[in-house]
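Undergrad: Below is the structure I would like to discuss, written out as structure tokens.
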Amino acid sequence: MCWCFQVRRSFRSLIVLAGFYVMSCILMAGANAAEEKSKSEPPATSNRKAKKVYTNEDLKGLKETTPVNQPPATQQSKEGASTGIAGYRDKDGHDRQYWQRRVHSINGQLETVDSQIAAEQAKHDRLNAASGVKVSRSGKLHASSSDTKAQVEKRIDELKQKRARILRSKQDLEEEARKAQALPEWLR
């Protein structure tokens, strides 16, 4: 029985060695095929066309030519400049200053209301539950003549409503300008 184990062991080692031999042959064949393929193909850079590099002289030459589908450029005089954007007026005849005056007054109102809201909010934050209440010598509670928290909250709400009305009027002005075909940058 001893010799049977030795035969099996040698048979196994032969199978393993044969497997290694087959794998090395496959790897060698693949490496040779990749090497031949790289030699037979020209480099990738030679397949591409050389791109034109434009110099300053080329660009100067392009300025002198007339662009396709465009009329030749003409020099505008000072009278001609007023027909451009600088001289544009909306369909009602209003210019940039008219619309900027109107939007500036609304923006001023908005800034004023925002600062008033901020001041009232700061006052509201300073007030606590006991502020606005005085205790007399007899021990009775009396409301002081200064603002109470509820009064400040009411003024803040009124200012927020006023702010909403101003924003609505600004949106109405923008809509009016759009309908009059005023340029959008006039309202900035």
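Undergrad: For the pair Tyr54 and Thr112, how long in nm is the line joining their label points, each one 7 Å along Cα→Cβ?
TA: Label at Tyr54, label at Thr112, 5.5 nm between them.
Undergrad: Another question about this same structure. Taking a threshold of 27 Å on the Cα-Cα distance, which of the pairs Lys91/Lys160; Lys123/Lys160; Lys123/Lys162 fall above it?
TA: With Cα atoms farther than 27 Å apart: Lys91/Lys160.
Undergrad: How high is the FRET efficiency from Ala150 to Gln181, r the C-beta distance, R0 45 Å, rounded to 0.05?
TA: 0.35
Since every read-out is calculated from the coordinates, none of them should be taken as a lab result. Computed from a prediction, not measured in an experiment: that's the story for all the values here. Here the Cβ is made from the backbone with ideal geometry for all residues, glycine too, and neighbour counts use every protein chain on show.
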